[in-house]
Each structure stands twice: as structure tokens, then as C-alpha cells.
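Every read-out reported here was derived from the displayed coordinates using simple, explicitly stated rules and does not represent laboratory data. This is a predicted model, so every value here is computed, not measured. Glycine also receives a Cβ, built like all others from the backbone with ideal geometry; neighbour counts cover every protein chain displayed.
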Amino acid sequence: MSTVAEALVGSWSLVSYLTRSDDGTIGHPLGGDALGLLLYSADGHMSGHLMRNGREPFQEQRQEPVGRSGTDAEVRRAFNDVFGYGGTYTVDESRSEVHHHLEVCVLPGWTARTLSRSVEFSDDREALTLTSGVRVVEGVPQYAELRWRRVRHHQG
């Protein structure tokens, strides 16, 4: 059987993203059909991106990926409907945890943070669940649970 670090390497597609509160309340911060992609490289780099499915385009499209277009409301909605970061990762095999060391992040002020997640695999190592520790959101203790499935690239 492979180590946690070996089993993480590859591409993962989001199956579900939910939050659970201590009182049992379940939330879907990006909707019940959120999209996401998570990448772990063998050399210790990672990148993860989540977004609400079915996002509306700005009425005025950008010609370049950086710059200003869209109304204030469109920009706010776009910012609130996406989350992503990248950097390096380390694994604590004894605790079955992965630690994401952020180098870039959509949220200002989050670079240089380390986000820890417990790791659970299905028996065949084709499904992955990452769970955050408890955090307080709007005064309510909760944790995030992200379920992923391995993506196999086929050239053809």
C-alpha cells in the first residue's frame, strides 16, 4: 500500500464541498454542484481551485485576464463565487494530514498561511476526502469537507 504522500500525487476533480456545523447543520458555500480541481505534484507543489457552477459572465467581457471590467456587483459576485490557492505541501503520515503552504491565494493576506487537512482515501485510492479542522464562521463552529475523485488523463 502506498503512503499518503504517494497516493495524493495526481489530479483530482471535486465531487462535493460542504460545511458541517457542530449542531449538524450542513451548508454548501458554493452551491450543491460546485466545481473544483486539485493538483498534487510529486515534487511537493499543489494547486486547488473551487468555483460555483453556472457563473454568469460579465456583460462587458475583458480582453485580457487582468484588468477592470464588469459592474461592482458583477465583480463582487465573481470574487465571492471562486476560491483558489497554490504553493507547496507536506504530509504528516502518522496523522494522515496534508499541510498546504500557500504562496499564492485569491484572498489577500492569505499567502504564507498553512492550511491543514485530514486525509481519507477510499480503499482503491481513487476517492479522496479532505477535512479542515474546526473554524468559526459568522460565530458558528464548523469544518469543511471536500470530496474528490481521481482524474485519469487519456491521450488519444
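Projecting each Cα onto the charge dipole of the chain (Lys/Arg +1, Asp/Glu -1 at the beta carbon, about the Cα centre), which of L37, P108, G70 comes out farthest on the positive side?
The residue sitting most towards the positive pole is G70.
Taking the Cα centre of the chain as the origin, how large is its charge dipole in debye, to the nearest 20, when only Lys and Arg (+1) and Asp and Glu (-1) carry charge on their Cβ atoms?
220
Please build a GNM for the chain, connecting alpha carbons under 10 Å apart, and tell me which residue among F79, F121, F58 fluctuates the most.
Fluctuation is largest for F58.
With springs only between Cα atoms under 10 Å apart, run a GNM on the chain and tell me which of E138, E97, E126 wobbles the most.
Maximum among the listed residues: E138.
Please give the calculated 222 nm ellipticity per residue for the chain, where each DSSP H segment of at least 4 residues contributes -39500 (n - 2.57) and the sum is spread over every residue; nearest 500 deg cm²/dmol?
Details: 2 runs with 14 residues, N = 156.
That calculation yields -2000 deg cm²/dmol at 222 nm.
Between A127, A34, A112, where does the largest GNM mean-square fluctuation fall for the chain, given springs only between Cα atoms within less than 10 Å?
So, out of A127, A34, A112, the one fluctuating most is A112.
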